[in-house]
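Colleague: Just dropping this structure here.
Just so you know, all these numbers are worked out from the coordinates, no wet-lab data involved. Computed from a prediction, not measured in an experiment: that's the story for all the values here. Heads up, the Cβs are rebuilt from the backbone with ideal geometry, glycines too, and the neighbour counts pull from every protein chain shown.
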Amino acid sequence: MNHDGIHREPSIRTRVIGCTACDEVTLYLDGDVDLATAPQVESTMVRLELPAGGTLIIDLSDVGFMDSHGVQMLLRAHALAVGAGCSMLIRSPQPIVAKVLDITGLDQVLAVSL
């Protein structure tokens, strides 16, 4: 059973777009970020080529659910970005995901653009 009571296979789609002219790498996520899918997202993250002095943008506009594993994933993404000399921005979280960021205080620690 998933968080909404419907049984379905865990799935998340990732897409990466780099902009060399603006020194940005955007990781688009589409699906739920939870115990089953966070490892897949992290696997994508560690393969990113982050530009020193640039920005890692994580676009959450198509993420409908995030649990504590998603929060941990965002903290790991931030650590990867800082380690590469980048800043990180969480962009366009859905209201339910924005609430998770608020409840955990992550919106006070990481840059979030609603």
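Colleague: Of the beta bridges DSSP finds with both residues in the chain, what % are antiparallel, to the nearest 5?
Modeller: Roughly 30 percent of the DSSP beta bridges within the chain come out antiparallel.
Colleague: Nearest 20 debye, what's the magnitude of the dipole of the chain about its Cα centre given +1 on Lys and Arg Cβ and -1 on Asp and Glu Cβ?
Modeller: Computed about the Cα centre, the dipole is about 120 debye.
Colleague: With everything on Cα atoms, drop me the angle between helix 68-83 and the longest principal axis of the chain, reported from 0 to 90° to the nearest 10.
Modeller: Once rounded, the angle reads 10 degrees.
Colleague: OK, next. Using the alpha-carbon atoms, what tilt in degrees (0 to 90, nearest 10) does helix 95-104 show relative to the longest principal axis of the chain?
Modeller: 80 degrees
Colleague: Another question, then. About its Cα centre, how strong a charge dipole does segment 9-48 have in debye, to the nearest 20, once Lys and Arg get +1 and Asp and Glu get -1 at the Cβ?
Modeller: Dipole magnitude for segment 9-48 comes out near 160 debye.
Colleague: Given that just one value was derived from the coordinates, which of (i) 1.12; (ii) 1.02; (iii) 1.22 is Cα Rg over 2.2 N^0.38 Å?
Modeller: Given (i) 1.12; (ii) 1.02; (iii) 1.22, the structure-derived one carries the label (ii).
Colleague: Please give the FRET efficiency for residue 94 paired with residue 49, using the beta carbon to beta carbon distance and R0 = 25 Å, rounded to the nearest 0.05.
Modeller: The formula returns an efficiency of 0.35 here.
Colleague: Unpartnered cysteines of the chain (Cβ-Cβ under 4.7 Å counts as a partner)?
Modeller: 86 - these cysteines have no disulfide-compatible partner (Cβ-Cβ under 4.7 Å) in the chain.
Colleague: Okay, moving on. What size of dipole, in debye to the nearest 20, comes out for segment 59-114 about its Cα centre when the only charges are +1 on Lys and Arg C-beta atoms and -1 on Asp and Glu C-beta atoms?
Modeller: Result for segment 59-114 is approximately 100 debye, rounded to the nearest 20.
Colleague: Continuing with the same structure: Please give the length that would be gained between residue 67 and residue 79 if that part of the chain were fully extended, namely 0.36 nm times their separation in residues minus their C-alpha to C-alpha distance (nm, one decimal).
Modeller: Net length gain for the segment: 2.4 nm.
Colleague: Based solely on its DSSP helices, what 222 nm [θ] is calculated for the chain when runs of n ≥ 4 H residues each add -39,500 (n - 2.57) and the sum is averaged over all residues, nearest 500 deg cm²/dmol?
Modeller: Dividing the helical sum by the residues of the chain leaves -10000 deg cm²/dmol.
Colleague: Using only Cα atoms, locate the centre of segment 92-114 and the centre of segment 52-89, then give the distance between them in Å, rounded to an integer.
Modeller: Using only Cα atoms to place each centre, the spacing works out to 12 Å.
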